[in-house]
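Here is the structure we will look at.
What follows is calculated from the coordinates using simple rules that are stated; it is not laboratory data. Everything quoted here is computed from the prediction, not taken from an experiment. Positions of Cβ are backbone-derived with ideal geometry, glycine not excepted, and every protein chain shown enters the neighbour counts.
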Amino acid sequence: MHFKESRTTAVLDWLDSARGAGLVISQWTLTEFSSAAAFKLRTKQITAEEDIAGRALFDEMLAALLTVVDVLPSDFANAAALCRQKIAPLRAGDTLHLAICKRVGRAMLTLDNDLAAACRFHGMVVESLEQREKQAR
């Protein structure tokens, strides 16, 4: 059981296929996930049981697949600078993801085309589920 998002299954499949690849997320991702889950519960998009199951699945992925990296003060400063750039219309949280990903030197997995474009502009590798799905066909 998972939260009802159109791409959840594809993302879970990608994560499973990337097992052992040294995937990282930031502390910020933990905050965003918790906020999204709480919002879905408050707005009755999910039940309490789905919330518990979704959080448990997230915790399992954290333990089995993901390494959590800290958010540094410099990440906030770099994200603020990215907000001022006119590359793509990014929100604060997305610029923070970009800044952290750039600092740790990893590829970005995102479903957000604007974030992907900004990452590419900065010379970062972007993993796209759309590209993976096209290659699989």
#### Entry: residue 121-residue 51 FRET efficiency (beta carbon distance; Förster radius 30 Å; 0.05 resolution)
0.25
### Task
Specify the residue with the greatest mean-square fluctuation among 69, 104, 125, computed from a Gaussian network of the chain linking alpha-carbon atoms under 10 Å apart.
104
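Give the average over all directions of the projected area of the C-alpha convex hull of segment 71-137, one decimal, in nm². Please list the in-between numbers first.
On the way: hull surface 17.6 nm².
Its Cα hull, projected and averaged over all orientations, spans 4.4 nm².
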### Task
Name the residues whose placed amide hydrogens come within less than 5 Å of the amide hydrogen of residue 126, ignoring near sequence neighbours (fewer than 5 apart) on the same chain.
108
### Summary
FRET efficiency for residue 81 and residue 107 from the Cβ-Cβ distance with R0 = 22 Å, rounded to 0.05, comes out at 0.55
### Query
Among (1) 0.96; (2) 1.06; (3) 1.01, which is the computed Rg/Rh (Cα atoms, Kirkwood Rh)?
(1)
### Task
Mind telling me which of 83, 119, 101 comes out most flexible in a GNM of the chain, alpha-carbon contacts under 10 Å?
83
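Say R0 is 25 Å: what FRET efficiency, to the nearest 0.05, do residue 7 and residue 72 get from their beta-carbon distance?
Working: r = 29 Å, r/R0 = 1.18.
Step by step, r from the Cβ atoms, then E = 0.25.
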### Task
Output the relative contact order of the chain, whole-number percent, from Cα pairs under 8 angstrom with separation of 6+ residues.
22 percent
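Below 8 Å, C-alpha to C-alpha, sequence gap of six or more: please give me the relative contact order for segment 71-137 in percent. Mind dumping the intermediate values first?
Numbers: 67 pairs, mean separation 18.0, N = 67.
Reported as a whole number, the value is 27 percent.
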